[in-house]
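Novice: Mind having a look at this structure? Questions to follow.
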Amino acid sequence: VIPDSLRVTAVPQTLNRVERDSLELKCEVSKSTAQHSHVSIAWYRQRGSEAPVEIISLSRDFVLRAGSAYAQRQATGDVRLDKVGETTSKLTIYNLHPSDQGEFYCEAAEWIQDPDKSWYAMTRKRSQGAIVNVQATDKEFSVRLETEKRTYIVGEPVEFRCILEAQNVPDRYFSISWAFNSSLIASLGPNAVPVLNNEFAQREAQGQLKVAKESDNVFVLKIYRLRLEDSGKYNCRVTEREKTVTGDFIDKESKRPKNIPITVLPLKTSISLEIINNASNVLEGESLRFGCNVRSGIGPQSRLSVAWQLVDRLNRRSEIVRLDREGTLQPGPSYAERSSYGGIQVEQVRPGSFTLEIFNSVKADEGHYECRVAEWTRTLDGEWQMVGERHAGTPVSITSLEAGFAVTAISRTPGVTYNESFDLQCIIKPHYPSWVPVSVTWRFQPAGSTEFHDLVTFTRDGGVQWGDRYTGFRTRTAIEKAESSNNVRLSISRASDTEAGKYQCVAELWRKNYNSSWTRLADRTSNLLEIRVLRPVTKLQVSKSKRSITLVENRPIPLNCSVKSQTSPDSHFAVLWYVHKPSDADGKLILKTTHSSAFEYGTYAEEEGLRGRLQFERSASGGLFSLTVQRAEVRDSGSYYCHVEEWLLSPNHAWYKLAEEVSGRTEVTVKQP
């Protein structure tokens, strides 16, 4: 069993044609049979219940043959069957007859050859039909006249279109004539060559008027630049003509539509303006941007010029810039230099739409801005004349940068202890945008001095410059400017006596001019901030306990000095050992060990020859100091005590004495054995 794979498809549609038109239909025939087979294709036309009429067919042996009703037309080439691609056949009928009306479809059959060499049609299928309506040619015709509007301005163009509505126009002969107030303007014969009368022939020669055939059905009269005297009634007349056997033409029928009256008005500008101001109140230094739009009324042959003017607070008028009708930019005398540096920009965004931008505004730019647009048109002799001018304005207020400019210095820690950190804030008001250049300098007057010196400057371009008087500050000082404001913070770590004193900040307000030079608008000095740097509170405590020792000569005298508490784990101690005898008013220095562990013998040790008998020790924990007097003698009897000094390292890496304290006394009695 051989599967049925034959497919016959066509687009179902309804087509309306006029007599002598062409018709084109396509049919898709495909198969996928594995065995060798042939396909035959035939096109048919059927009307109602009538029997189908064969138009043309391609047999299984590839023989093309037309049906009897279409054989003659196939012989003259009016009926064709073409193969397009592998599976598509195209039927084409030229010069349709009314009798061609009906339903068109294609039919295909798949054939296979039997062993006895005979062919057998395995399957036969037809496509969906296409309904074709053929309208007989009508010899009637009609004419209508059209134009865009009825009222024009001098210099505007006008176009009249005479539209012929008829069937089979290319095979018929028509002539046309144009009239103005019943006087002939021009005529066109079947050859479409225009013939104009004297007055309009001159205007046509100057390129001011055109008479033409746009298509088989449309004829055009165009006046490129209207005059006042062109007001009146216009019309066209269409005449069908018949060509005789001798080649001459005779008139058959003429028709004309209703007159179209037009009115040509004298030149008068009708443009209307709209001015756009992006910001009516700006900060000095911000850009001013204006838009000037011509909303309506531009003549098709017109050109525009625009002038921007400023009326200042004293009612003085000055021209900023002018853009003439040729597109040439002309800055005003007071703005020429500024414009040369790119500080003023004028642009025509599109026809009738202009923008003005003034960069880096100054207080003098405040006032009333006007956009003045003039409309120009060319006269018949080629000269330009101004039709009229319109203007629109908008006020602009500019706040000067120095208005309300003030600076305040604040600190939350006016008193700090050694090695602590403190911050100083320089607050700038008002809150300027980040593009406003402000420089801030912190100044410093050391405690006990009467002079201020620059400590560090945050420059207007964001750089940092350090003063040369206090280099020690730089290693322990950070300066930072807030991203969202011009406030500058000074942070000092590990405070010491060096940082004690009075601080103030000085702010300078700058403006960058259009020529890249700088102008200092104002400077302000803040209040004074006094910073006190205090030494830490001492926690030094030395043992005050008293004791008595009695011993015989040649025995050692043990003396102890105990530090019970200290201010810092990093404290260093100087220890001075004294002896007081009843005959002396004050104690005498025996030995001194400095905070850096250096030894110094006192005058008593020198006088009494004790240097060889003294032994000093310090415990590993650091808080116990011992002095031993070897080989005691009777004269060594007395009251012994220690004087302890506590030393700390300042942030400047200098040692200072924080506190001192005296221990309790040890009474020593030395006897002979």
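The values are calculated or read from the model by the stated rules, or taken from the named source; none is laboratory data. Remember, predicted model here, so these are calculated numbers, not experimental data. Heads up, the Cβs are rebuilt from the backbone with ideal geometry, glycines too, and the neighbour counts pull from every protein chain shown. Ligands, DNA and RNA are stripped out before the accessible areas are found, and what is left, the full protein with its side chains, is counted by its heavy atoms. Shrake-Rupley method; radii C 1.70, N 1.55, O 1.52, S 1.80 Å.
Novice: Determine whether residue 219 is at pLDDT 85 or above, part of a strand (DSSP E or B), in the same structural domain as residue 156 (by the TED database) and out of contact with any helix residue (DSSP H, G or I) (no Cβ under 9 Å at 6 or more places or on another chain). Outline the logic, then answer.
Specialist: On the way: at pLDDT 85 or above: yes; part of a strand (DSSP E or B): yes; in the same structural domain as residue 156 (by the TED database): yes; out of contact with any helix residue (DSSP H, G or I) (no Cβ under 9 Å at 6 or more places or on another chain): yes.
The answer is yes for residue 219.
A quick yes/no check of all residues on (1) in contact with a strand residue (DSSP E or B) (Cβ under 7 Å, 6 or more places away or on another chain); (2) hydrophobic (A, V, I, L, M, F, W, C):
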{"site": "478", "(1), (2)": "yes, yes"}
{"site": "482", "(1), (2)": "no, yes"}
{"site": "506", "(1), (2)": "yes, yes"}
{"site": "510", "(1), (2)": "yes, yes"}
{"site": "543", "(1), (2)": "yes, no"}
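Novice: Would you mind stating whether residue 216 is farther than 22 Å from residue 301 by Cβ and over 57 Å from the mean Cα position of the chain (by Cα)?
Specialist: no
Novice: Please count how many residues of the stretch 651-665 are in contact with a Ser or Thr (Cβ under 9 Å, 6 or more places away or on another chain), part of a loop (DSSP other than H, G, I, E, B) and surrounded by fewer than 18 Cβ atoms within 10 Å (Cβ to Cβ).
Specialist: The total comes to 3.
Novice: Mind checking which pairs have a first residue in the stretch 562-576 that is over 20 Å from residue 617 (Cα atoms) and a second that is of a type in the set (Gly, Ala, Ser), Cβ under 8 Å, 6 or more apart or different chains?
Specialist: What qualifies is 567/659.
Novice: Please state which one of 20, 45 is under 30 Å from residue 136 (Cβ atoms) and assigned to a strand (DSSP E or B).
Specialist: 45
Novice: Before we move on, is residue 262 touching a helix residue (DSSP H, G or I) at 6+ places or on another chain (Cβ under 9 Å) and either assigned to a strand (DSSP E or B) or of a type in the set (Val, Ile, Thr) (or both)? Before the answer, list the steps.
Specialist: Details: touching a helix residue (DSSP H, G or I) at 6+ places or on another chain (Cβ under 9 Å): yes; either assigned to a strand (DSSP E or B) or of a type in the set (Val, Ile, Thr) (or both): yes.
Taking the combined requirement at face value, the residue satisfies it.
Novice: Can you tell me which residue is nearest to residue 176 (Cα to Cα) among those in the stretch 132-159 that are over 57 Å from the mean Cα position of the chain (by Cα) and surrounded by fewer than 17 Cβ atoms within 10 Å (Cβ to Cβ)?
Specialist: 142
Novice: Might you let me know whether the stretch 373-389 holds any residue that is assigned to a helix (DSSP H, G or I), at pLDDT 90 or above and open to solvent by less than 20 Å² (accessible area, probe 1.4 Å)?
Specialist: no
Novice: Where in the stretch 53-97 are there strands (runs of 3 or more DSSP E), lying wholly inside it, with at least 2 residues that are open to solvent by 40 Å² or more (accessible area, probe 1.4 Å)?
Specialist: 53-58, 64-66, 79-84
Novice: May I pose another question? Take the conditions modelled with pLDDT of 90 or more, over 30 Å from residue 284 (Cα atoms) and open to solvent by 30 Å² or more (accessible area, probe 1.4 Å) and apply them to residue 444. Does it pass?
Specialist: When the stated conditions are applied, residue 444 does not pass them.
Novice: So residue 360 fits all but one of (1) under 30 Å from residue 511 (Cβ atoms); (2) part of a strand (DSSP E or B); (3) not acidic (Asp, Glu); what number is the exception?
Specialist: If we test residue 360 against (1) under 30 Å from residue 511 (Cβ atoms); (2) part of a strand (DSSP E or B); (3) not acidic (Asp, Glu), just (2) comes out false.
Novice: Then there's this: Considering each residue of the stretch 174-207, count those that are without any contact (Cβ under 8 Å) to a residue 24 or more places away in the chain, surrounded by 17 or more Cβ atoms within 10 Å (Cβ to Cβ) and either touching a helix residue (DSSP H, G or I) at 6+ places or on another chain (Cβ under 9 Å) or under 25 Å from residue 141 (Cβ atoms) (or both), and give that number.
Specialist: The qualifying residues number 3.
Novice: Out of the stretch 537-563, which residues are among the β-branched types (Val, Ile, Thr) and either within 60 Å of the chain's Cα centre (by Cα) or not in a loop (DSSP other than H, G, I, E, B) (or both)?
Specialist: 542, 549, 550, 552, 557, 563
Per-residue answers, yes or no, for (1) more than 20 Å from residue 408 (Cβ to Cβ); (2) in contact with a Leu (Cβ under 6 Å, 6 or more places away or on another chain); (3) in contact (Cβ under 8 Å) with a residue 40 or more places away in the chain; (4) buried (at least 17 other Cβ atoms within 10 Å of the Cβ):
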site: 456; (1), (2), (3), (4): no, no, no, yes
site: 462; (1), (2), (3), (4): yes, no, no, no
site: 468; (1), (2), (3), (4): yes, no, no, no
site: 479; (1), (2), (3), (4): no, yes, no, yes
site: 482; (1), (2), (3), (4): no, no, no, no
site: 487; (1), (2), (3), (4): no, no, yes, yes
site: 496; (1), (2), (3), (4): yes, no, yes, yes
site: 508; (1), (2), (3), (4): no, no, yes, yes
site: 519; (1), (2), (3), (4): yes, no, no, no
